[in-house]
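The values are calculated or read from the model by the stated rules, or taken from the named source; none is laboratory data. Because the structure is predicted, anything quoted here is derived from the model rather than measured. Cβ placement follows ideal geometry from the backbone for every residue including glycine, while neighbour counts extend to all protein chains displayed. Ligands, DNA and RNA are excluded from the accessible area calculation, which covers all protein heavy atoms including side chains. Shrake-Rupley method; radii C 1.70, N 1.55, O 1.52, S 1.80 Å.
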Amino acid sequence: MNNNTPKKPSFYQFFIYWLKLGFISFGGPAGQISMMHQELVEKRRWISEHRFLHALNFTMVLPGPEAQQLATYIGWLMFGVRGGIVAGVLFVLPSLFILSALTWIYLSYGSVAEVAGILYGIKPAVTAIVLFAAYRIGSKALPNSTLKILAILAFVAIFQFEIAFPYIVLMAALIGFIGAKISAKTFTTSAHHGEGGSGYGPALIDDDTPIPAHAKFNWSRLISFAVVGVFLGLVVMSLLENTVLRDMGEFFTKAALVTFGGAYAVLPYIYQGGVDHYQWLTATQMMDGLALGETTPGPLIMVVAFVGFVGATVKEVFGPDAMLMSGFVGASVATFFTFLPSFLFIFLGGPGVEATRGDLKFSAPLSAVTAAVVGVIVNLAVFFALATWIQDNQVDWVSIAITVAAFIALFRYKMGIMTVIAISAGIGLGLTIF
(Lines give C-alpha, C1' and ligand atoms only; values in the text may rest on other atoms or scores of the structure.)
Protein backbone atom coordinates (compact mmCIF):
# COMPACT_ATOMS: atom_id res chain seq x y z
CA MET A 1 0.00 0.00 0.00
CA ASN A 2 1.28 3.47 -0.95
CA ASN A 3 1.18 5.76 2.11
CA ASN A 4 1.87 8.96 0.17
CA THR A 5 -1.05 11.25 -0.70
CA PRO A 6 -1.30 11.46 -4.51
CA LYS A 7 -0.63 14.74 -6.28
CA LYS A 8 -3.69 16.59 -7.53
CA PRO A 9 -4.02 16.09 -11.30
CA SER A 10 -3.96 19.05 -13.65
CA PHE A 11 -7.26 19.93 -15.26
CA TYR A 12 -5.86 18.57 -18.54
CA GLN A 13 -5.12 15.17 -16.92
CA PHE A 14 -8.58 15.23 -15.37
CA PHE A 15 -10.12 16.03 -18.78
CA ILE A 16 -8.23 13.22 -20.53
CA TYR A 17 -9.33 10.64 -17.95
CA TRP A 18 -13.04 11.37 -18.41
CA LEU A 19 -12.66 11.50 -22.19
CA LYS A 20 -11.04 8.07 -22.13
CA LEU A 21 -13.74 6.71 -19.81
CA GLY A 22 -16.42 7.97 -22.19
CA PHE A 23 -15.01 5.71 -24.91
CA ILE A 24 -14.52 2.57 -22.79
CA SER A 25 -17.38 2.68 -20.26
CA PHE A 26 -19.06 -0.56 -21.24
CA GLY A 27 -21.13 -2.80 -18.99
CA GLY A 28 -24.04 -0.57 -18.05
CA PRO A 29 -24.19 1.36 -14.76
CA ALA A 30 -22.76 -1.49 -12.66
CA GLY A 31 -19.78 -1.94 -14.97
CA GLN A 32 -19.20 1.82 -15.20
CA ILE A 33 -19.35 2.28 -11.42
CA SER A 34 -16.89 -0.61 -11.09
CA MET A 35 -14.56 1.06 -13.60
CA MET A 36 -14.65 4.36 -11.73
CA HIS A 37 -14.06 2.62 -8.40
CA GLN A 38 -11.11 0.67 -9.75
CA GLU A 39 -9.49 3.72 -11.35
CA LEU A 40 -10.40 6.60 -9.01
CA VAL A 41 -10.40 4.84 -5.62
CA GLU A 42 -7.88 2.03 -6.05
CA LYS A 43 -5.34 3.19 -8.63
CA ARG A 44 -5.30 6.98 -8.84
CA ARG A 45 -6.70 7.52 -5.30
CA TRP A 46 -8.40 10.77 -6.28
CA ILE A 47 -11.22 10.00 -3.83
CA SER A 48 -11.49 7.72 -0.79
CA GLU A 49 -13.68 4.63 -0.51
CA HIS A 50 -15.98 6.31 2.00
CA ARG A 51 -16.54 9.48 -0.05
CA PHE A 52 -17.01 7.46 -3.24
CA LEU A 53 -19.71 5.30 -1.62
CA HIS A 54 -21.35 8.34 -0.02
CA ALA A 55 -21.65 9.97 -3.45
CA LEU A 56 -22.90 6.69 -4.94
CA ASN A 57 -25.57 6.44 -2.23
CA PHE A 58 -26.85 9.90 -3.16
CA THR A 59 -27.02 9.21 -6.89
CA MET A 60 -28.84 5.94 -6.29
CA VAL A 61 -31.82 7.73 -4.75
CA LEU A 62 -32.06 10.28 -7.59
CA PRO A 63 -34.07 9.84 -10.77
CA GLY A 64 -31.88 9.44 -13.84
CA PRO A 65 -28.62 7.66 -14.73
CA GLU A 66 -26.68 7.03 -11.52
CA ALA A 67 -23.28 6.32 -13.14
CA GLN A 68 -23.31 9.62 -15.06
CA GLN A 69 -24.46 11.46 -11.95
CA LEU A 70 -21.67 9.84 -9.93
CA ALA A 71 -19.13 11.01 -12.52
CA THR A 72 -20.59 14.52 -12.36
CA TYR A 73 -20.48 14.50 -8.55
CA ILE A 74 -16.83 13.42 -8.38
CA GLY A 75 -15.85 15.96 -11.05
CA TRP A 76 -17.72 18.70 -9.17
CA LEU A 77 -16.05 17.74 -5.88
CA MET A 78 -12.59 17.93 -7.46
CA PHE A 79 -12.83 21.01 -9.70
CA GLY A 80 -16.15 22.68 -8.99
CA VAL A 81 -18.81 23.31 -11.63
CA ARG A 82 -16.38 23.12 -14.55
CA GLY A 83 -15.19 19.73 -13.27
CA GLY A 84 -18.74 18.46 -12.93
CA ILE A 85 -19.68 19.61 -16.42
CA VAL A 86 -16.55 18.10 -17.99
CA ALA A 87 -16.93 14.74 -16.22
CA GLY A 88 -20.68 14.52 -16.88
CA VAL A 89 -20.55 15.64 -20.51
CA LEU A 90 -17.55 13.51 -21.51
CA PHE A 91 -19.18 10.50 -19.87
CA VAL A 92 -22.00 10.85 -22.40
CA LEU A 93 -20.65 12.66 -25.49
CA PRO A 94 -18.63 9.82 -27.10
CA SER A 95 -21.65 7.56 -26.71
CA LEU A 96 -23.87 10.09 -28.52
CA PHE A 97 -21.60 10.10 -31.58
CA ILE A 98 -20.91 6.34 -31.57
CA LEU A 99 -24.56 5.40 -31.09
CA SER A 100 -25.70 7.90 -33.73
CA ALA A 101 -23.25 6.39 -36.24
CA LEU A 102 -24.34 2.84 -35.40
CA THR A 103 -28.01 3.81 -35.62
CA TRP A 104 -27.45 5.30 -39.08
CA ILE A 105 -25.71 2.10 -40.17
CA TYR A 106 -28.53 0.06 -38.62
CA LEU A 107 -31.20 2.03 -40.50
CA SER A 108 -29.22 1.97 -43.76
CA TYR A 109 -27.99 -1.61 -43.88
CA GLY A 110 -30.08 -3.58 -41.39
CA SER A 111 -28.70 -6.54 -39.47
CA VAL A 112 -25.32 -7.95 -40.53
CA ALA A 113 -24.19 -11.45 -39.50
CA GLU A 114 -20.76 -10.24 -38.33
CA VAL A 115 -22.32 -7.55 -36.13
CA ALA A 116 -24.68 -10.12 -34.63
CA GLY A 117 -21.67 -12.34 -33.88
CA ILE A 118 -19.84 -9.54 -32.08
CA LEU A 119 -22.93 -8.83 -29.98
CA TYR A 120 -23.25 -12.54 -29.22
CA GLY A 121 -19.76 -12.53 -27.70
CA ILE A 122 -20.14 -9.26 -25.80
CA LYS A 123 -23.46 -9.97 -24.03
CA PRO A 124 -22.22 -12.82 -21.78
CA ALA A 125 -19.11 -10.76 -20.99
CA VAL A 126 -21.40 -7.93 -19.84
CA THR A 127 -23.09 -10.44 -17.50
CA ALA A 128 -19.70 -11.23 -15.96
CA ILE A 129 -18.86 -7.52 -15.62
CA VAL A 130 -22.10 -6.85 -13.74
CA LEU A 131 -21.52 -9.84 -11.43
CA PHE A 132 -17.97 -8.67 -10.77
CA ALA A 133 -19.23 -5.16 -10.00
CA ALA A 134 -21.73 -6.58 -7.49
CA TYR A 135 -18.88 -8.49 -5.83
CA ARG A 136 -16.54 -5.49 -5.67
CA ILE A 137 -19.13 -3.05 -4.35
CA GLY A 138 -20.67 -5.64 -2.02
CA SER A 139 -17.32 -6.55 -0.49
CA LYS A 140 -16.96 -2.93 0.68
CA ALA A 141 -20.57 -1.92 1.29
CA LEU A 142 -21.67 -5.06 3.21
CA PRO A 143 -19.31 -5.34 6.21
CA ASN A 144 -21.78 -7.13 8.48
CA SER A 145 -24.55 -9.73 8.42
CA THR A 146 -27.38 -7.19 8.77
CA LEU A 147 -26.42 -5.35 5.59
CA LYS A 148 -25.82 -8.64 3.76
CA ILE A 149 -29.34 -9.78 4.71
CA LEU A 150 -30.69 -6.43 3.51
CA ALA A 151 -29.01 -6.97 0.13
CA ILE A 152 -30.53 -10.47 -0.11
CA LEU A 153 -33.99 -9.14 0.78
CA ALA A 154 -33.68 -6.46 -1.90
CA PHE A 155 -32.77 -9.10 -4.47
CA VAL A 156 -35.75 -11.27 -3.50
CA ALA A 157 -38.06 -8.24 -3.54
CA ILE A 158 -37.18 -7.20 -7.09
CA PHE A 159 -36.56 -10.67 -8.57
CA GLN A 160 -39.34 -12.73 -7.01
CA PHE A 161 -42.00 -10.14 -6.18
CA GLU A 162 -41.13 -7.53 -8.86
CA ILE A 163 -41.33 -4.66 -6.38
CA ALA A 164 -40.40 -1.40 -8.08
CA PHE A 165 -36.93 -0.02 -7.35
CA PRO A 166 -38.14 3.26 -5.76
CA TYR A 167 -40.09 1.30 -3.14
CA ILE A 168 -37.04 -0.83 -2.38
CA VAL A 169 -34.98 2.34 -1.92
CA LEU A 170 -37.60 3.85 0.40
CA MET A 171 -37.87 0.67 2.48
CA ALA A 172 -34.08 0.36 2.76
CA ALA A 173 -33.73 4.01 3.80
CA LEU A 174 -36.43 3.54 6.45
CA ILE A 175 -34.68 0.41 7.77
CA GLY A 176 -31.40 2.35 7.94
CA PHE A 177 -33.03 5.29 9.73
CA ILE A 178 -34.69 3.06 12.35
CA GLY A 179 -31.76 0.64 12.57
CA ALA A 180 -29.28 3.42 13.31
CA LYS A 181 -31.22 4.24 16.48
CA ILE A 182 -30.96 0.61 17.61
CA SER A 183 -27.37 -0.11 16.51
CA ALA A 184 -25.51 2.84 15.02
CA LYS A 185 -22.37 0.80 14.29
CA THR A 186 -24.29 -1.63 12.08
CA PHE A 187 -25.08 1.07 9.51
CA THR A 188 -21.63 2.65 9.40
CA THR A 189 -20.07 1.02 6.36
CA SER A 190 -16.66 2.65 6.12
CA ALA A 191 -13.62 2.72 8.35
CA HIS A 192 -12.29 5.97 9.76
CA HIS A 193 -9.27 7.60 8.21
CA GLY A 194 -6.06 6.04 9.36
CA GLU A 195 -7.53 2.62 10.12
CA GLY A 196 -6.61 1.26 6.73
CA GLY A 197 -10.15 0.16 6.02
CA SER A 198 -9.85 0.49 2.27
CA GLY A 199 -6.31 -0.79 1.93
CA TYR A 200 -5.55 1.61 -0.94
CA GLY A 201 -3.65 4.29 0.97
CA PRO A 202 -4.53 7.97 1.53
CA ALA A 203 -6.60 9.65 -1.15
CA LEU A 204 -6.51 13.14 -2.61
CA ILE A 205 -10.07 13.67 -1.28
CA ASP A 206 -9.80 11.53 1.84
CA ASP A 207 -12.29 10.74 4.61
CA ASP A 208 -11.17 13.72 6.69
CA THR A 209 -10.40 16.14 3.84
CA PRO A 210 -12.33 19.39 4.51
CA ILE A 211 -15.23 20.21 2.22
CA PRO A 212 -13.92 22.57 -0.51
CA ALA A 213 -15.39 26.07 -0.61
CA HIS A 214 -17.34 25.43 -3.83
CA ALA A 215 -19.02 22.37 -2.26
CA LYS A 216 -20.36 24.19 0.80
CA PHE A 217 -24.05 25.04 0.90
CA ASN A 218 -24.90 28.54 -0.25
CA TRP A 219 -28.43 29.82 -0.90
CA SER A 220 -27.45 32.32 -3.61
CA ARG A 221 -25.46 29.64 -5.45
CA LEU A 222 -28.36 27.18 -5.20
CA ILE A 223 -30.85 29.70 -6.61
CA SER A 224 -28.40 30.67 -9.38
CA PHE A 225 -27.97 27.05 -10.49
CA ALA A 226 -31.73 26.47 -10.50
CA VAL A 227 -32.38 29.62 -12.58
CA VAL A 228 -29.58 28.89 -15.08
CA GLY A 229 -30.65 25.25 -15.49
CA VAL A 230 -34.30 26.07 -16.12
CA PHE A 231 -33.29 28.96 -18.42
CA LEU A 232 -31.10 26.66 -20.53
CA GLY A 233 -33.92 24.17 -20.92
CA LEU A 234 -36.41 26.86 -21.93
CA VAL A 235 -33.98 28.47 -24.42
CA VAL A 236 -33.25 25.17 -26.19
CA MET A 237 -36.96 24.33 -26.21
CA SER A 238 -37.79 27.70 -27.79
CA LEU A 239 -35.31 26.99 -30.59
CA LEU A 240 -37.11 23.77 -31.53
CA GLU A 241 -39.63 24.87 -34.14
CA ASN A 242 -40.45 21.34 -35.32
CA THR A 243 -43.36 19.75 -33.43
CA VAL A 244 -41.66 16.33 -33.26
CA LEU A 245 -38.50 17.78 -31.69
CA ARG A 246 -40.56 19.79 -29.19
CA ASP A 247 -42.47 16.64 -28.25
CA MET A 248 -39.13 14.87 -27.73
CA GLY A 249 -37.85 17.68 -25.52
CA GLU A 250 -40.94 17.56 -23.31
CA PHE A 251 -41.11 13.75 -23.22
CA PHE A 252 -37.47 13.14 -22.31
CA THR A 253 -37.55 15.86 -19.65
CA LYS A 254 -40.47 14.04 -18.02
CA ALA A 255 -38.60 10.73 -18.34
CA ALA A 256 -35.59 12.22 -16.56
CA LEU A 257 -37.69 13.63 -13.72
CA VAL A 258 -40.16 10.85 -12.94
CA THR A 259 -38.22 7.63 -13.40
CA PHE A 260 -36.18 6.16 -10.55
CA GLY A 261 -34.02 3.06 -10.48
CA GLY A 262 -31.68 3.54 -13.43
CA ALA A 263 -31.96 2.62 -17.08
CA TYR A 264 -34.02 -0.54 -16.70
CA ALA A 265 -36.64 1.33 -14.71
CA VAL A 266 -36.95 4.05 -17.36
CA LEU A 267 -37.13 1.69 -20.36
CA PRO A 268 -40.81 0.74 -19.94
CA TYR A 269 -41.71 4.45 -19.80
CA ILE A 270 -39.68 5.23 -22.94
CA TYR A 271 -41.12 2.18 -24.70
CA GLN A 272 -44.67 3.26 -23.92
CA GLY A 273 -44.09 6.83 -25.11
CA GLY A 274 -41.81 6.20 -28.09
CA VAL A 275 -43.55 3.13 -29.51
CA ASP A 276 -47.19 3.33 -28.42
CA HIS A 277 -47.96 7.04 -28.01
CA TYR A 278 -45.75 8.98 -30.42
CA GLN A 279 -44.96 6.06 -32.78
CA TRP A 280 -41.40 7.25 -33.33
CA LEU A 281 -40.24 3.63 -33.79
CA THR A 282 -41.49 0.04 -33.73
CA ALA A 283 -41.26 -2.46 -30.88
CA THR A 284 -38.64 -4.46 -32.82
CA GLN A 285 -36.55 -1.34 -33.38
CA MET A 286 -36.79 -0.54 -29.67
CA MET A 287 -35.35 -3.95 -28.78
CA ASP A 288 -32.57 -3.54 -31.36
CA GLY A 289 -31.81 -0.12 -29.86
CA LEU A 290 -31.50 -1.67 -26.41
CA ALA A 291 -29.01 -4.21 -27.78
CA LEU A 292 -26.95 -1.40 -29.32
CA GLY A 293 -27.15 0.56 -26.06
CA GLU A 294 -25.92 -2.42 -24.05
CA THR A 295 -22.89 -2.94 -26.25
CA THR A 296 -21.69 0.63 -26.76
CA PRO A 297 -19.86 2.77 -24.19
CA GLY A 298 -21.77 5.22 -22.06
CA PRO A 299 -24.87 4.96 -19.88
CA LEU A 300 -27.45 2.39 -20.95
CA ILE A 301 -30.02 5.19 -20.81
CA MET A 302 -28.35 6.43 -24.01
CA VAL A 303 -30.90 4.26 -25.76
CA VAL A 304 -32.81 7.58 -25.74
CA ALA A 305 -30.39 8.77 -28.44
CA PHE A 306 -31.39 5.77 -30.56
CA VAL A 307 -35.09 6.56 -30.03
CA GLY A 308 -34.50 10.23 -30.89
CA PHE A 309 -32.46 9.38 -33.99
CA VAL A 310 -34.96 6.85 -35.37
CA GLY A 311 -37.96 9.02 -34.48
CA ALA A 312 -36.60 12.15 -36.15
CA THR A 313 -35.64 10.11 -39.22
CA VAL A 314 -39.01 8.39 -39.51
CA LYS A 315 -40.87 11.70 -39.08
CA GLU A 316 -38.47 13.41 -41.56
CA VAL A 317 -38.13 16.50 -39.36
CA PHE A 318 -35.85 18.24 -41.90
CA GLY A 319 -37.33 16.64 -45.00
CA PRO A 320 -36.55 13.44 -46.96
CA ASP A 321 -33.20 14.76 -48.23
CA ALA A 322 -31.69 15.44 -44.81
CA MET A 323 -32.24 12.17 -42.99
CA LEU A 324 -28.80 11.99 -41.32
CA MET A 325 -29.14 15.55 -40.05
CA SER A 326 -32.66 14.82 -38.81
CA GLY A 327 -31.48 11.74 -36.96
CA PHE A 328 -28.50 13.37 -35.28
CA VAL A 329 -30.51 16.42 -34.16
CA GLY A 330 -33.20 14.08 -32.78
CA ALA A 331 -30.56 12.08 -30.89
CA SER A 332 -29.00 15.31 -29.55
CA VAL A 333 -32.35 16.69 -28.36
CA ALA A 334 -33.19 13.42 -26.58
CA THR A 335 -29.76 13.36 -24.92
CA PHE A 336 -29.80 17.03 -23.85
CA PHE A 337 -33.20 16.92 -22.16
CA THR A 338 -32.51 13.54 -20.54
CA PHE A 339 -29.27 14.65 -18.89
CA LEU A 340 -29.89 18.35 -18.08
CA PRO A 341 -31.84 17.45 -14.89
CA SER A 342 -28.99 15.15 -13.81
CA PHE A 343 -26.53 18.05 -13.70
CA LEU A 344 -29.05 20.14 -11.78
CA PHE A 345 -29.61 17.41 -9.20
CA ILE A 346 -25.87 17.24 -8.47
CA PHE A 347 -25.16 20.98 -8.40
CA LEU A 348 -28.25 21.67 -6.27
CA GLY A 349 -28.06 18.67 -3.94
CA GLY A 350 -24.31 18.02 -3.71
CA PRO A 351 -23.56 20.65 -1.03
CA GLY A 352 -26.28 19.25 1.22
CA VAL A 353 -24.95 15.73 0.78
CA GLU A 354 -21.41 16.82 1.67
CA ALA A 355 -22.64 18.72 4.72
CA THR A 356 -24.46 15.66 6.10
CA ARG A 357 -21.68 13.16 5.40
CA GLY A 358 -20.84 12.68 9.08
CA ASP A 359 -24.43 12.83 10.30
CA LEU A 360 -25.71 9.34 11.10
CA LYS A 361 -29.33 10.44 10.55
CA PHE A 362 -28.46 10.86 6.88
CA SER A 363 -25.54 8.46 6.35
CA ALA A 364 -27.23 5.41 7.91
CA PRO A 365 -30.23 5.43 5.51
CA LEU A 366 -27.84 5.92 2.57
CA SER A 367 -25.68 3.00 3.76
CA ALA A 368 -28.79 0.84 3.87
CA VAL A 369 -29.71 2.00 0.36
CA THR A 370 -26.26 0.95 -0.88
CA ALA A 371 -26.78 -2.50 0.62
CA ALA A 372 -30.13 -2.79 -1.18
CA VAL A 373 -28.54 -1.61 -4.43
CA VAL A 374 -26.05 -4.51 -4.25
CA GLY A 375 -29.05 -6.86 -4.32
CA VAL A 376 -30.54 -4.95 -7.26
CA ILE A 377 -27.25 -5.18 -9.18
CA VAL A 378 -27.23 -8.96 -8.64
CA ASN A 379 -30.77 -9.01 -10.03
CA LEU A 380 -29.54 -7.13 -13.08
CA ALA A 381 -26.83 -9.76 -13.54
CA VAL A 382 -29.46 -12.52 -13.34
CA PHE A 383 -31.56 -10.64 -15.90
CA PHE A 384 -28.60 -10.51 -18.29
CA ALA A 385 -27.74 -14.15 -17.61
CA LEU A 386 -31.24 -15.43 -18.36
CA ALA A 387 -31.37 -13.34 -21.55
CA THR A 388 -28.02 -14.61 -22.84
CA TRP A 389 -27.76 -18.15 -21.46
CA ILE A 390 -31.19 -19.35 -22.61
CA GLN A 391 -32.15 -18.99 -26.26
CA ASP A 392 -35.43 -20.45 -27.60
CA ASN A 393 -35.85 -22.46 -24.38
CA GLN A 394 -32.43 -24.05 -24.93
CA VAL A 395 -29.39 -23.60 -22.67
CA ASP A 396 -26.59 -21.84 -24.58
CA TRP A 397 -23.48 -23.47 -23.13
CA VAL A 398 -21.15 -21.32 -25.22
CA SER A 399 -22.57 -18.15 -23.68
CA ILE A 400 -22.21 -19.64 -20.21
CA ALA A 401 -18.59 -20.57 -20.96
CA ILE A 402 -17.84 -17.00 -22.14
CA THR A 403 -19.40 -15.57 -18.97
CA VAL A 404 -17.40 -17.88 -16.69
CA ALA A 405 -14.16 -17.20 -18.56
CA ALA A 406 -14.77 -13.44 -18.48
CA PHE A 407 -15.46 -13.49 -14.73
CA ILE A 408 -12.29 -15.51 -14.05
CA ALA A 409 -10.30 -13.06 -16.19
CA LEU A 410 -11.65 -10.13 -14.17
CA PHE A 411 -11.48 -11.75 -10.75
CA ARG A 412 -8.45 -14.01 -10.84
CA TYR A 413 -6.21 -12.35 -13.43
CA LYS A 414 -7.27 -8.70 -12.87
CA MET A 415 -7.75 -8.22 -16.59
CA GLY A 416 -9.13 -4.86 -17.73
CA ILE A 417 -12.80 -4.61 -18.64
CA MET A 418 -12.06 -3.26 -22.12
CA THR A 419 -9.71 -6.18 -22.79
CA VAL A 420 -12.33 -8.70 -21.66
CA ILE A 421 -14.95 -7.11 -23.91
CA ALA A 422 -12.57 -7.03 -26.90
CA ILE A 423 -11.63 -10.72 -26.48
CA SER A 424 -15.28 -11.73 -26.03
CA ALA A 425 -16.27 -9.77 -29.13
CA GLY A 426 -13.49 -11.53 -31.06
CA ILE A 427 -14.75 -14.92 -29.90
CA GLY A 428 -18.28 -14.06 -31.01
CA LEU A 429 -17.05 -12.86 -34.40
CA GLY A 430 -14.90 -15.97 -34.80
CA LEU A 431 -17.84 -18.27 -34.08
CA THR A 432 -19.87 -16.45 -36.74
CA ILE A 433 -17.17 -16.60 -39.42
CA PHE A 434 -16.01 -20.15 -38.81
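Quick check on residue 341: is it touching a Gly at 6+ places or on another chain (Cβ under 7 Å), open to solvent by less than 20 Å² (accessible area, probe 1.4 Å) and at pLDDT below 90?
Working: touching a Gly at 6+ places or on another chain (Cβ under 7 Å): yes; open to solvent by less than 20 Å² (accessible area, probe 1.4 Å): yes; at pLDDT below 90: no.
It is false that residue 341 is touching a Gly at 6+ places or on another chain (Cβ under 7 Å), open to solvent by less than 20 Å² (accessible area, probe 1.4 Å) and at pLDDT below 90.
Only one of 347, 309, 343 is over 20 Å from the mean Cα position of the chain (by Cα) and either closer than 16 Å to residue 64 by Cβ or of a type in the set (A, V, I, L, M, F, W, C) (or both). Can you tell me which? If you could, list the steps in order and put the result at the bottom.
Working: 347 fails: over 20 Å from the mean Cα position of the chain (by Cα); 343 fails: over 20 Å from the mean Cα position of the chain (by Cα).
Of 347, 309, 343, the one residue that is over 20 Å from the mean Cα position of the chain (by Cα) and either closer than 16 Å to residue 64 by Cβ or of a type in the set (A, V, I, L, M, F, W, C) (or both) is 309.
Scanning for something of a type in the set (A, V, I, L, M, F, W, C), under 30 Å from residue 18 (Cα atoms), modelled with pLDDT under 95 and open to solvent by 30 Å² or more (accessible area, probe 1.4 Å), does region 262-283 turn up at least one residue?
yes
Is it the case that residue 230 is at pLDDT 90 or above, more than 24 Å from the chain's Cα centre (by Cα) and among the β-branched types (Val, Ile, Thr)? Show your work before the answer.
Values: at pLDDT 90 or above: yes; more than 24 Å from the chain's Cα centre (by Cα): no; among the β-branched types (Val, Ile, Thr): yes.
No; evaluated as a whole, the condition is false for this residue.
When the residues of region 284-294 are filtered to those that are among the aliphatic types (A, V, I, L, M) and open to solvent by less than 70 Å² (accessible area, probe 1.4 Å), which remaining residue is modelled with the highest pLDDT? Step by step, filter region 284-294, then rank; the result is 286. Of all residues in region 228-247, those that are over 17 Å from residue 326 (Cβ atoms) have Cβ atoms under 8 Å from Cβ atoms of residues that are surrounded by 11 or more Cβ atoms within 10 Å (Cβ to Cβ) and of a type in the set (S, T, N, Q), 6 or more apart or on another chain, in 233/253. When region 20-33 is filtered for residues that are open to solvent by 10 Å² or more (accessible area, probe 1.4 Å), modelled with pLDDT under 80 and farther than 16 Å from residue 60 by Cβ, only 26 remains. Apart from one condition, residue 410 fits all of (1) within 29 Å of residue 256 (Cβ to Cβ); (2) crowded, with 20+ Cβ neighbours inside 10 Å; (3) touching a residue at least 24 places away in the same chain (Cβ under 8 Å); the exception is (1). Is it fair to say residue 318 is surrounded by fewer than 20 Cβ atoms within 10 Å (Cβ to Cβ), of a type in the set (Phe, Trp, Tyr) and at pLDDT 90 or above? So residue 318 fits the description; yes.
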